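What follows is a short report on a single structure.
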Amino acid sequence: MRVRNIALTFILPGLNMDKPAFIITIDTEGDNLWQNRREIKTENARYLARFQALCERFGFKPVWLTNYEMATDPVFVEFAKDVIARGEGEVGMHLHAWNSPPDHDLTGDDWRWQPYLIEYPSAVLREKVCFMTQLLEDTFSTKMLSHRAGRWAFDSRYAKLLIELGYLVDCSVTPRVNWRNAKGAPQGSGGTDYQHFPQHAYFLDVEDISKPGTSSLLEVPMSIQYKHSAWLNAIKQSYDRLRGKYRSPSVNWLRPSGGNTAQMIDVAQKCLAQGNGYVEFMLHSSEFMPGGSPTFKDEAAIEGLYRDLEELFEWLAARTQGMTLAGFYQQQK
């Protein structure tokens, strides 16, 4: 695979190797994809500089996990090239199967059903991942090292292909969460069940991605904690099973939802107390734009988001150090 001017600078001078990492991951994609529109706009690209500046003020380095429509948006491309050139963040790969070339109609209406990439035949999965990798590497003149699957759907085929293409890090695992009830293709069995996956970083076993192994691909699961105690979760799940329901336990993510700063700090605090060498934050790029998501519907909501981020980042800055996914990989070697 041809890549121009590859730069693999992982760890900068001055990093405290004993301090846990704070990893910011942004699913960088079109506007309000929750509305399931057939025309995808990318106006949110114009709203990302403010968040990047906030991260830089605290010494944090976001990872912009980028999908097809954003990789072809001139505003985002200019923004991300500048971030890379200044060493203030990373661009990685993110792929939504239903609108990422080459086209392959799995369901008869993929725009409606938004099937998981792992539901497509292996040959199609390979074509789509190879196309996106080449597009990103050509566009940003840098090797793609980090990845998150669209709709969090990951399997062994996907992991093996990422290794073949030279990726070092995946962050698709959402421990404690079961996506089986979130349908993709109508004839499919839903997403990936991560309930029993590790909650810490691990080099995965490509034959069983739920287990540590000897591969070169580092899995960095999302920071997610139970809302309730273990015994209460067990009771709730037993009750659900008696009612014929098989839901995931109730969880909190290190992810803004409006006014949940204390909850996010609690998640981070528990992850660090459990001995994790990192905490991982996520948000969608469209959530920085008023009306770009169901959660942050107007300018007032966006201002509330930034107040929450200021408070969270202030707490984390005293306890962690900003690091990209590729930087964190290098620390684990």
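Among the residues of segment 98-132, what is the count of those that are in a helix (DSSP H, G or I) and more than 17 Å from E69 (Cβ to Cβ)?
Here is the first cut: in segment 98-132, the ones in a helix (DSSP H, G or I) are 98-99, 110-113, 117-119, 122-132.
Keeping just the survivors that are more than 17 Å from E69 (Cβ to Cβ) gives 112-113, 118-119, 122-127, 130.
Summing the residues that are in a helix (DSSP H, G or I) and more than 17 Å from E69 (Cβ to Cβ) in segment 98-132 gives 11.
With buried (at least 22 other Cβ atoms within 10 Å of the Cβ) and among the hydrophobic types (A, V, I, L, M, F, W, C) as the only criterion, which of A49, A80 stands out? Can you show your working first?
Values: A49 fails: buried (at least 22 other Cβ atoms within 10 Å of the Cβ).
Only one candidate qualifies: A80.
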*Which residues, counting only those in segment 110-132, are open to solvent by less than 40 Å² (accessible area, probe 1.4 Å) and either of a type in the set (A, V, I, L, M) or over 16 Å from the mean Cα position of the chain (by Cα) (or both)?*
D110, Q114, P115, L117, I118, Y120, V124, L125, K128, V129, C130, M132
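For segment 140-155: of the residues being hydroxyl-bearing (S, T, Y) and open to solvent by less than 30 Å² (accessible area, probe 1.4 Å), which is nearest to V169 (Cα to Cα)?
Of all residues in segment 140-155, those hydroxyl-bearing (S, T, Y) come to 141-142, 146.
Checking which are open to solvent by less than 30 Å² (accessible area, probe 1.4 Å) leaves us with 142, 146.
Numbers: T142: 15, S146: 5 Å.
Ranking the qualifying residues of segment 140-155, first place goes to S146.
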*How many residues are farther than 17 Å from V63 by Cβ and surrounded by 17 or more Cβ atoms within 10 Å (Cβ to Cβ) when one looks only at segment 162-179?*
6
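The values are calculated or read from the model by the stated rules, or taken from the named source; none is laboratory data. Values in this document were obtained by computation on a predicted structure and should not be read as measured data. Neighbour counts are summed over all protein chains in view; Cβ atoms, including those assigned to glycine, are modelled from backbone coordinates with ideal geometry. Areas reflect the complete protein model, heavy atoms only, side chains present, ligands, DNA and RNA absent. Shrake-Rupley method; radii C 1.70, N 1.55, O 1.52, S 1.80 Å.
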